[in-house]
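Below is a structure I'd like to ask you about.
Computed from the coordinates by the stated procedures, all read-outs in this text should not be read as laboratory data. These numbers come from a predicted model, not from an experiment. FYI the Cβ positions are ideal-geometry reconstructions off the backbone, even for glycines, and counts take in every protein chain you see.
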Amino acid sequence: MDIQTTTINIPNGTPNLGGYLALPPGEGKFPGVVVIHEAYGLNDNIKEITRRFAEAGYAALAVDLFAGRNQMVCMARFMANMLLLNSLNHAGIRDLKVSLDWLENHSKIDSTKIGAIGFCMGGSFAISWACTDSRLNVIAPFYSMNPRPIEAVARACPVVGSFPENDFSKNMGIKLEGELTKNNIAHDIKIYPDSKHSFFNSPRDVKEQAAADDSWSRIMSFFGEHIGG
C-alpha cells in the first residue's frame, strides 16, 4: 500500500492554521513527527520531507505557520520574537503546541513517541519548543538559532542537529552542542564542511547532496533510537 497524504485544518490555533499530513500504510499506531518549515513556508520541499518520514514509518505533520496570513508580516513578527522578545513563547510556538494536540489525538498516532524536525526558522522553533514542551521526545534542527536564554536548553529533549560550515548558524551549532553536553542531554551535532545555508533543500550540488544524505541517515538512526519507526 502507498502512504496516505491529506491537507488538514487544525482548530484552536491561529485562524486558518492547517497542515499537510502523511501517514504510513497500515493501521498504526505510528510514532509522530512534526515538520516545521523555513521562511519559504509549506512548499513542495517540505511536503517531500513529510512524505519521506511516512515512507520510513512515521506519521508526519507539516504545519503551515503562514496559513491565511501575510507571509512577510509573519516572518517579521517571528524574527522579532526570536531575536528581541520571547523566543520560548510566541504565536509560532503556541501553534506548534496546538498542532501536536491535534496529532496526539489522531487514531493512528502513538502519542508517547513524538519528534520534530525544522529548518532555519523552523529549526529555531523546534529547539525553543523542546525547551517548553515535555511531549517532545527528540528533535532535529537544521541551521537554526538557539533559544534565549540558551540555558533553557537544559530542559530540551535529545537533539540531532545539522549545521553548514559556511553559515552564521555554524557557531549556533557549536554553542548548542556545548549546552547539551553540559546538561547531559543525548545529542548528535554535526557541522558539514563546504556546505551553505539550506543545504537540505533541493536541488543540491554534489557536496551538499552528500551532506543532505548523511544528515538524513543520522536522523533516521537517532529518531529510531528515541521514538522508533
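Please state, to two decimals, what the Cα-based radius of gyration of the chain comes to when divided by 2.2 N^0.38 Å (N = residues).
0.93
Looking at the range 3-62, which GluC sites (Glu not before Pro) are in a loop (DSSP not H, G, I, E or B) and have at most 15 other Cβ atoms within 10 Å?
Answer by residue number: Glu27.
Still on this structure: As an exercise, use a Förster radius of 30 Å and the Cβ-Cβ distance of Asn45 and Asp101 to find the FRET efficiency, rounded to the nearest 0.05.
0.70
Along the range 189-196, what does the Karplus equation 6.51 cos²θ - 1.76 cosθ + 1.60 (θ = phi - 60°) give for ³J(HN,Hα), rounded to whole Hz, x for Gly and Pro?
3J(HN,Hα) across the range 189-196, in whole Hz: 10, 9, 10, 8, x, 6, 10, 10.
Determine ³J(HN,Hα), in whole Hz, for all residues of the range 98-106 in sequence, where each value follows from phi through the Karplus function 6.51 cos²θ - 1.76 cosθ + 1.60 and θ = phi - 60°; x replaces Gly and Pro.
With coefficients 6.51, -1.76 and 1.60, one gets 5, 5, 5, 3, 5, 5, 4, 8, 6 Hz.
Scan around Glu165 for amide H atoms under 5 Å from its own, H built in the peptide plane at 1.01 Å from N, and keep only partners 5 or more places away or cross-chain.
So Glu165 has HN proximity to Tyr192, Asp194, Ser195.
Among Phe168, Phe142, Phe119, which one moves the most in a GNM of the chain with springs linking Cα atoms closer than 10 Å?
Taking springs between Cα atoms under 10 Å, the residue moving most is Phe168.
Oh, and also: Please list, ordered by chain and number, the residues whose modelled amide H lies under 5 Å from the amide H of Lys113; skip anything fewer than 5 residues away on the same chain.
Hits under the 5 Å cutoff: Gly32.
So what is the calculated 222 nm ellipticity per residue for the chain, using -39500 (n - 2.57) for each DSSP H run with n of 4 or more, over all residues, to the nearest 500 deg cm²/dmol?
Result for the chain, helices only: -12000 deg cm²/dmol.
What is the dipole size for the range 4-226, taken about its Cα centre, with +1 at each Lys and Arg Cβ and -1 at each Asp and Glu Cβ, in debye to the nearest 20?
420
Further question: If the cut-off is a Cα-Cα distance under 30 Å, which lysines reach Lys170, setting aside same-chain residues fewer than 8 apart in sequence?
Leaving aside lysines fewer than 8 places away in the same chain, those within reach of Lys170 are Lys47, Lys97, Lys113, Lys182, Lys190, Lys196, Lys207.
Among Met172, Met145, Met121, which one moves the most in a GNM of the chain with springs linking Cα atoms closer than 10 Å?
Result for the chain, Cα springs under 10 Å: Met172 fluctuates most.
For the range 111-124, in order, what is each residue's ³J(HN,Hα) by Karplus, 6.51 cos²θ - 1.76 cosθ + 1.60 with θ = phi - 60°, in whole Hz (x at glycine and Pro)?
Per residue, the Karplus-derived 3J(HN,Hα) values read 6, 8, 10, 10, x, 8, 9, x, 10, 6, 3, x, x, 4 Hz.
Let me ask something additional. Amide H of Ile36: which non-local residues (sequence gap of 5 or more, or other chain) have their own amide H closer than 5 Å, using H built in the peptide plane?
Residues meeting the criterion, in which the H sits 1.01 Å from N, are Ile117, Gly118, Phe119.
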